[in-house]
Amino acid sequence: MAKKQFKAESKRLLEMMINSIYSQKEIFLRELISNSSDAIDKIYYKALTDDSLSFDKDSYFIKISANKENGTLKISDTGIGMTKEELENNLGTIAKSGSLSFKKETELKDGHDIIGQFGVGFYSAFMVADVVTVISRALGNDKGYKWESTGTEGYTIEEVDGAPIGTEITLKLKENTEDEQFDEYLEENRLKGIIKKYSDFIRYPIKMDVTKSKPKADDENELEQYQEEDTINSMVPIWKKNKNELTTEDYEQFYTEKHYGFDKPLKHIHISVDGAVRYNAILYIPEKIPFDYYSKEYEKGLELYSNGVLIMDKCADLLPDFYSFVKGMVDSEDLSLNISREILQQDRQLQFIAKNIKNKITNQLKTLLKNEREQYDQFYKEFGRQLKYGVYSDFGANKDLLQDLLMFYSSKEKKLVTLDEYVSRMPEDQKYIYFASGESYERIEKMPQTELVADSGYEILYFNEDIDEFAIRMLTNYKEKEFKSVASGDLGIDTDDKKNDSDENENEYKEIFTFMKNVLTDQVKDVKVSKRLKNHPVCLSTEGEVSIEMEKILNAMPDNQNVKADKILEINVNHEVFTSLKNAYEKDQETLKLYTNLLYNQALLIEGLPIQDPVEFTNNICKVMV
Ligand code: ADP
Ligand code: MG
């Protein structure tokens, strides 16, 4: 029989498949099953809509049979079948369904990526088989045809007798090599596993003979093995079921089955949207941060199904980065099965779904916050950082969405509180939302800068994570209340007496402060009378954009620009130490120099900033002691 030649492009795709080093060759089965399912869809629709055809639901199925002796794997279906022309046109050329864009020829060189990103369809069979035989009879045709190919040399096509309507594809599996075992695709459990993994939710039964055991007829205590046909896939996907039919356990089981995490999900979100874009989704908020979350290996994304067929393991475009911890899947009838990552990014439907999902997750979190605070606290402990990061990133594009979900530790409540809770209990005369930054709650608690605000009876939010101040700066205010660091210049607290006092003081001690400022040139911008200190002798405050916390963080970064905060050394003139300063100024300016340096270094230590010269500092302390 004369061989017919493949068209040039098909030949190249075939070559790529035959020589593929792609590691997940198992996807060939997904591709063939999905073709079968499509073919059954077509005949099913005909049977439902055409009165001349009889309709029997049980007659639509896919069957997988492995033959170990011959080394063959057969996939047959009771679908619509193919005519001779269809066999030639559909299998002899690259599918026209937009599966592969051959425009960029160079991209084809490395098949690895392409196979990973596209559904490559029928030709993927050649990743595992030397010979592919397709016997098919189309609905309404008397004759069946056999199409056969051993690869790039071409294919033969001939008439065959007795073929039922539908298609049967036989793969003569490749010989095992050192690295690869092709005969694993004949193993019952391996096949079951692949079917479960990729095609569990195909609407038609995928049947296979499986080995079972039963007690022997003559001896109840002995088991004998026998073969029986089973349906491997569960057919009705959980996401297509009605929410009311499902229990929390069902969702938890799905979470485990899908290996979304080793933990239990904290909450699930089941979405069914039936509008301009139709889709179903099951999403999970995990209970625990995944162990590899902060590693390079962690990939965000949701599983993407096109009408029950898995097309992508981790579709990153479905989740914003700040929800990268969310697990789950999306199934949409409106997405084509063979769609590349590049195309997906611009896909309108996918963008719509992604936006929708973002809002649903946000709403779920808001509900959790409102109704199940303990669970929310637990969630926040694991993933709160992500939310703050979300407020800050993309130039604050999502700050309105996320701001109500933020929580910070409160000086008054001694626990995490929301901004709304903070603002709603602000006394009338309080102008700002106060925050204090530091390494830990314990250290912040002791910060001298907090004294005035705390004494005025105002609540302070404690920022102990790097991202906190950056996120808050992006927000600038919440419910029209501006955020204010307790270390910033103007705290907006003017108890009258203090104000007058300090202004007077300022003049009175101007000379001393000028002297001190000169001692500390390059290190502080100014030395001032403190309006906020009560018990502590000294502290640092800042002017301008960069706070001390930010200076620390920015300077810890690899490409640090040596950013410095504009620091003000504040002196508590009501403290005993100040008397010593005054005396020194009058009697012995060398001593005042010494004191100035000591006080400045103390202030640095309180802030957790490195002191410039520890040896000199300790020597100076000794000088005071002797
Ligand atoms: P796609 O599924 O994207 O169209 P494939 O390469 O998987 O691309 O399949 C090519 C075409 O071959 C299908 O569109 C279909 O027309 C035909 N085909 C493949 N398998 C079958 C089958 N089991 N029954 C009927 N037609 C099939
Ligand atoms: Mg296909």
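The values are calculated or read from the model by the stated rules, or taken from the named source; none is laboratory data. Since the model is a prediction, treat every value here as computed from it, not as a measurement. Every residue, glycine among them, receives a Cβ derived from its backbone with ideal geometry; neighbour counts consider all protein chains shown. Note: accessible area is taken over every heavy atom of the protein model, side chains too, but ligands, DNA and RNA are not part of it. Shrake-Rupley method; radii C 1.70, N 1.55, O 1.52, S 1.80 Å.
Let me cross-check residue 127: its accessible surface, 1.4 Å probe, with only protein heavy atoms counted, in Å² to the nearest 10?
Residue 127 exposes around 0 Å² with every protein chain in place.
Among 557, 550, 625, what's the order by accessible area (1.4 angstrom probe), most exposed first? Don't skip to the end; give the middle numbers.
Values: 557 85, 550 15, 625 145 Å².
Descending order: 625, 557, 550.
I need two numbers for the range 414-493: Rg to one decimal and Dmax as a whole number, Cα atoms only, in Å.
Here Rg and the maximum Cα pair distance are 11.7, 31 Å.
Calculate for the chain the 222 nm mean residue ellipticity that helices alone would give, adding -39,500 (n - 2.57) per DSSP H run of length 4 or more and normalising by residue count, nearest 500 deg cm²/dmol.
The helix contribution divided over the chain gives -11500 deg cm²/dmol.
Quick one: check the C-alpha center-to-center distance for the range 376-391 versus the range 1-62, whole angstrom.
46 Å
Any chance you could look up the accessible area of residue 250 with a 1.4 Å probe, heavy atoms only, rounded to 10 Å²?
Number for this one is 60 Å².
May I ask you to compute the full-extension gain from residue 359 to residue 590, defined as 0.36 nm times their residue separation minus their alpha-carbon distance, rounded to one decimal in nm? Mind dumping the intermediate values first?
Working: separation 231, 0.36 × 231 = 83.16 nm, distance 6.47 nm.
Taking residue 359 through residue 590 to full extension adds about 76.7 nm, to one decimal.
Compute the distance from the alpha-carbon center of the range 238-300 to that of the range 543-575, in whole Å.
Centre-to-centre distance over Cα atoms comes out at 44 Å.
Report in % the part of the accessible area of the chain that belongs to carbon and sulfur, leaving out ligands and nucleic acids; probe 1.4 Å.
That share works out to 45 percent.
Could you tell me which of 206, 538, 193 has its Cα farthest along the dipole of the chain towards the positive end, charges placed at Cβ (Lys, Arg +1; Asp, Glu -1), taken about the Cα centre?
206
In Å³ and rounded to a whole number, note down the convex hull volume per residue for the Cα atoms of the chain.
Spread over its residues, the Cα hull of the chain gives 245 Å³ apiece.
By how many nm would the segment from residue 262 to residue 89 lengthen if fully extended, with 0.36 nm per residue of separation less the alpha-carbon distance?
57.6 nm
Find the all-direction average of the projected area of the Cα convex hull for the range 471-626, expressing the result in square nanometres with one decimal place.
The Cα convex hull of the range 471-626, projected and averaged over all directions, gives 11.0 nm².
Over the heavy atoms of residue 270, what accessible area does a 1.4 Å probe trace out, to the nearest 10 Å²?
About 20 Å², ignoring ligands and nucleic acids.
For the range 8-231, what is the convex hull volume of its Cα atoms per residue in Å³?
It is 161 Å³ per residue.
With the crude spin-label approximation of a point 7 Å out along Cα→Cβ, what separation in nm comes out for residue 197 versus residue 481?
Going by the 7 Å Cα→Cβ label model, 5.4 nm.
So what is the accessible area of the range 447-575 per residue, in Å², with the probe set to 1.4 Å?
Values: 6210 Å² over 129 residues.
It amounts to 48 Å² per residue over the range 447-575.
How much length would be gained if the chain were fully extended between residue 555 and residue 51, taking 0.36 nm per residue of separation minus their Cα-Cα distance, in nm to one decimal?
That works out to 173.7 nm of additional length.
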